[in-house]
Every structure is written in C-alpha cells, then in structure tokens.
Amino acid sequence: MGESARVVGLYRYPVKGLSPEPLAEVKLQKGGTFPWDRAFAIENGKHDFDPENPKHFPKIKFLMLMRDERLAKLKTRFVDETETLHVAKDGSEVLAAKLTTAAGRTALEDFMRIYMEKELRGAPRVVHAPGFSHSDAPAKLVSIINMASLRALEEKLGAHVHPLRFRGNVYLEGLEPFADHDWVGKRFRMGDVAFKGFHKTVRCAATNVDPETGTRDMEIPQTLMRHWGHADLGLYAEIESPGTLRPGDRITLE
C-alpha cells in the first residue's frame, strides 16, 4: 500500500434509510460503531422490535432506500447534544423531533404516516435501544468504501456514481480497486485507531437510488456481477482500539 492511502470522508446515518451526515471527526470505541449510526429505524408493518431485548432484523422490515426511494428527498441531521433529528424537505425544515423521547418518536411517525403513505404496510413505528445499531450487519461494525473501486465501477457504467449511494462510514483514497477486499481477517490502522477486516459488503438495490434526487437510475449490483463476478464493494471492519478518526488520516496494514 502506498504512502498516499488515506481517509477522505466520514459519515453516519442516525436514522436507517434517511440521509447521511458528514463528520469532521469521530470518536470511536473498541467493539463499537460510529456514535448514533443507525441508532434509530422506522418499522414498516409488524411491530416486533423489542427495545428491552433488541435483536437484528433484515432491513426489509424497516423503511429503507432499497424499496422506498422517496426517503432520499428528505435531508436530515441529528444533533447529539439535544438528541434531536431535524428533517428538511425542498430546503425548509419540516420537523424537529427529540427521538429519545416518546413524543419525539410520535412526531416522526406522524410525519412519515403522511409522507410515506403509499409505501406503508401499517402504522410506522420509530424504534431505538441505547447502544444498539440497526445496521445491515448484525455485528457492530464500521463500513468502509474504497473510492478506487467506485471509479472502476464508473468506468464500466460510463457514468458518475455518487459515493453516498454506498452509505459507508469511512471513504478511502490511494488504494487499488477492490484492494480492501483482501483485508478480511487482517489488522490495519486508520490514524491512531486499529481495525480488523470482518467481511466484504454485498451491495443491494439501495445503491441503484441517487441519494440527491431519489431517482432509481442505475443497476449497480448487476454491473458488479457482470464485470467482476460478485456484487461486493466495500468492507465491514471491527474497531479493535479506541481513538479519534479524521479525514486526512493515513492507512497502514499490519
């Protein structure tokens, strides 16, 4: 790996399926996720997530971009200090809800009941359990995207691919395409934080949705499969030591 391999972007998704939030830095704990990443999700249909006994469910249970592209038209940001989600549509704030309170969750549910009316299979329910992440992966992991893989994909598609289609936490530059796929089971550092590669990320139809417009306009899993024989792009990794991660941090493989 060259000296140039480095972190170029950090993002979290406080509510599963809603918009990404760029971070200037992130404090990470061993065995954790990005703080507040996928801390909340919106059940669509059966209400069987139990906050007292949280367990992983497939994403199909929740409102999510793979099926509900209208969500991409909402722009959200979460303020840690107030535990409040701010939701904007067409540039104006339409909701501010403290999601750690019953009243705040009800406010978001009421908004979604109207906004997502056509997509709902029952009353929407905002779910949260302290310390639990509604990630697509059952384990507590960080999602890493190699920008060189993305450019290799762009070449095959003959079109620009917005990096946030992949809903990653950490974006890397300075690697060979798909080089991160070889890090499964290996230890590496980003800045002063130690990680271990856990498994490659299989892409789903959510990546076909443009995160800016909410339009379903690409066939990304199919294109990966056609040209590389797999639908993987990116790596899930475990945090092995605490520390602070920032854009510009270098990457070293042990």
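Since every read-out is calculated from the coordinates, none of them should be taken as a lab result. Everything numeric here is computed off the predicted structure, so don't read it as measured data.
Observations on the structure shown:
- Exceedance of the 24 Å cut-off in Cα-Cα distance is limited, within the set Lys75/Lys98; Lys75/Lys200; Lys16/Lys55; Lys27/Lys140, to Lys75/Lys200.
- Residue with peak Gaussian network fluctuation, the chain [Cα springs, cutoff 10 Å], from Gly31, Gly91, Gly174: Gly91
- Chain lengthening between Val94 and Thr213 when straightened (0.36 nm per residue, less Cα-Cα): 41.0 nm
- Fluctuation leader among Trp183, Trp228, Trp36 - the chain, Gaussian network, Cα springs under 10 angstrom: Trp228
- Hydrodynamic radius (Kirkwood) for the chain, which is based on Cα pairs only, to one decimal in Å: 18.7
- Shape category assigned to region 40-128 from the gyration tensor of Cα positions, a/c cut at 1.5: oblate
- Per-residue 3J(HN,Hα) values for region 29-35, derived from phi via the Karplus relation 6.51 cos²θ - 1.76 cosθ + 1.60 with θ = phi - 60°, read 10, 3, x, x, 10, 4, x Hz in sequence order (x marks Gly and Pro).
- The angle between the Cα long axis of helix 102-115 and the longest principal axis of the Cα atoms of the chain comes to about 90 degrees, rounded to the nearest 10.
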